[in-house]
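To start, the structure itself, in structure tokens.
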Amino acid sequence: MNVVELVNISKTYHLGKIEVPALRRISLSVAQGEFLIIKGQSGSGKSTALNLIGAMDLPDSGEVHIAGRDISKLSDYHLSLMRRKHIGFIFQSFNLIPVLNALENVAYPLRLQGICGYRQKAEAALEQVGLSNFMKHRPTELSGGQIQRVAIARGIVSKPDIILADEPTANLDSETSAQILELLLQLNIQQKLTFIVSTHHATVMEKASRVLELKDGQILADAA
Ligand SMILES: Nc1ncnc2c1ncn2[C@@H]1O[C@H](COP(=O)(O)OP(=O)(O)OP(=O)(O)O)[C@@H](O)[C@H]1O
Ligand SMILES: [Mg+2]
């Protein structure tokens, strides 16, 4: 099954009178279990594409299907339900809540949804990212790589259909970046989670099941 389907989507930003085309007639299908890398120069449209796939924004034209549903006709409320149910986000800037410890940060999205057994689920997710011994640590008491692992655990804890990560290692040194990307690949293989990740990191591209290259808002190459 395709978890994501973009059909001929375009998106243009307006800066006063200036039009900035960010995506131009893009079509893309992503199947369950894929590890898709999106690469391309700065300004090529990677973040715009991820925002549309994540139902954070709507295209000017074309269709976005997530888990089989066309999201263009959903209200803001139903869009947010769609995001919660189907999509996990891993942000470049981590976005953890500073006053909560690792366990509470990971459990937070589950508690919001009133899901039972959130504590055990959060513990299991933290174990999967190698942080069993750091559950009680707050973000200020963790390294950058550990903070990103907490953010990954939070992104995977509800077992979403798609996990989106926009340059998840941009704020990490190169060795830690390699470890974090390796962890995402492992989660893809072991947990069969579907990832769409934008990155410039060369080594992960060799291991990803598919690499999509954007240029000026269009698909330049799509290599499996
Ligand atoms: N909110 C916005 N308002 C106006 N223009 C925007 C906005 N967001 C993005 N753009 C423009 O859209 C184009 C695509 O931007 P996007 O952020 O998707 O690129 P990117 O590939 O993620 O770049 P980077 O590697 O620098 O993150 C660029 O020309 C950018 O300037
Ligand atoms: Mg970007």
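The values are calculated or read from the model by the stated rules, or taken from the named source; none is laboratory data. From a predicted model like this one, the values you see are computed outputs, not experimental measurements. Ideal geometry is used to build each Cβ from the backbone, glycine not excepted, and the neighbour counts take in all protein chains shown.
In this structure, does G33 turn out to be small (G, A, S), within 16 Å of ligand 2 (Cβ to nearest atom) and farther than 17 Å from F91 by Cα? Break it down stepwise before answering.
Working: small (G, A, S): yes; within 16 Å of ligand 2 (Cβ to nearest atom): no; farther than 17 Å from F91 by Cα: yes.
For G33, the condition - small (G, A, S), within 16 Å of ligand 2 (Cβ to nearest atom) and farther than 17 Å from F91 by Cα - is not met.
Residues of the range 43-71 being within 16 Å of ligand 2 (Cβ to nearest atom) and either in contact (Cβ under 8 Å) with a residue 60 or more places away in the chain or not aliphatic (A, V, I, L, M) (or both), which ones?
Within the range 43-71, the first condition is being within 16 Å of ligand 2 (Cβ to nearest atom), and the residues that meet it are 43-54, 56-57.
Within the range 43-71, G43, S44, G45, K46, S47, T48, A49, L50, N51, I53, G54, D57 meet the criteria.
Quick check on the range 176-187. Is at least one of its residues out of contact with any Pro (no Cβ under 6 Å at 6 or more places or on another chain), among the acidic types (D, E) and within 16 Å of ligand 1 (Cβ to nearest atom)? Even if it seems obvious, please write down each step before you answer.
In the first step, residues of the range 176-187 are kept if they are out of contact with any Pro (no Cβ under 6 Å at 6 or more places or on another chain); the result is 176-187.
Still in the running and among the acidic types (D, E): 182.
In the following step, the residues that additionally are within 16 Å of ligand 1 (Cβ to nearest atom) were identified as none.
No, the range 176-187 contains no residue that is out of contact with any Pro (no Cβ under 6 Å at 6 or more places or on another chain), among the acidic types (D, E) and within 16 Å of ligand 1 (Cβ to nearest atom).
Could you run through the range 1-43 and say how many residues are in contact with a Lys or Arg (Cβ under 6 Å, 6 or more places away or on another chain) and β-branched (V, I, T)?
Going through the range 1-43 one residue at a time, the tally reaches 1.
Looking at the range 84-111, which of its residues are part of a helix (DSSP H, G or I), surrounded by fewer than 18 Cβ atoms within 10 Å (Cβ to Cβ) and under 19 Å from the mean Cα position of the chain (by Cα)?
Result: R84, K85, Y108.
Out of the range 26-56, which residues are of a type in the set (D, E, K, R) and either within 11 Å of ligand 1 (Cβ to nearest atom) or outside any loop (DSSP other than H, G, I, E, B) (or both)? Write out each step before concluding.
To start, the set of residues in the range 26-56 that are of a type in the set (D, E, K, R) comprises 34, 39, 46.
Correct list: K39, K46.
Taking the range 32-83 as the search range and keeping residues that are under 13 Å from the mean Cα position of the chain (by Cα) and among the basic types (K, R), which one is farthest from M1 (Cα to Cα)?
Among those residues, the one meeting the criterion is K46.
Looking only at the range 124-147, decide whether some residue is touching a residue at least 40 places away in the same chain (Cβ under 8 Å) and within 16 Å of ligand 1 (Cβ to nearest atom).
no
Suppose we keep only residues that are more than 16 Å from ligand 2 (Cβ to nearest atom) and at pLDDT 95 or above within the range 4-17. Which one would you say is surrounded by the fewest Cβ atoms within 10 Å (Cβ to Cβ)? Break it down stepwise before answering.
Residues of the range 4-17 more than 16 Å from ligand 2 (Cβ to nearest atom): 4-10, 12, 14-17.
Add one more test, that the residue is at pLDDT 95 or above, and what stays is 4-10, 12.
On the way: V4: 25, E5: 19, L6: 21, V7: 16, N8: 12, I9: 23, S10: 15, T12: 15.
Residue satisfying both the conditions and the ranking: N8.
With respect to L164, determine if the residue is more than 14 Å from the chain's Cα centre (by Cα), under 20 Å from E182 (Cβ atoms), of a type in the set (A, V, I, L, M) and at pLDDT 95 or above.
Working: more than 14 Å from the chain's Cα centre (by Cα): no; under 20 Å from E182 (Cβ atoms): yes; of a type in the set (A, V, I, L, M): yes; at pLDDT 95 or above: yes.
No.
Within the range 112-224, which strands (runs of 3 or more DSSP E) (wholly inside it) include 2 or more residues that are away from ligand 2 (no atom under 16 Å from the Cβ)?
Numbers: elements: 162-166, 195-198, 210-215, 218-223.
Where strands (runs of 3 or more DSSP E) fall fully within the range 112-224 and carry at least 2 residues being away from ligand 2 (no atom under 16 Å from the Cβ), they are 162-166, 210-215, 218-223.
Could you count how many residues in the range 175-203 are free of Cβ contacts under 8 Å to residues at least 12 places away in the same chain and under 22 Å from E213 (Cα atoms)?
Residues flagged as free of Cβ contacts under 8 Å to residues at least 12 places away in the same chain and under 22 Å from E213 (Cα atoms) within the range 175-203 amount to 1.
Has the range 57-65 got at least one residue that is more than 16 Å from ligand 1 (Cβ to nearest atom) and within 23 Å of V211 (Cα to Cα)?
Yes, the range 57-65 has at least one match.
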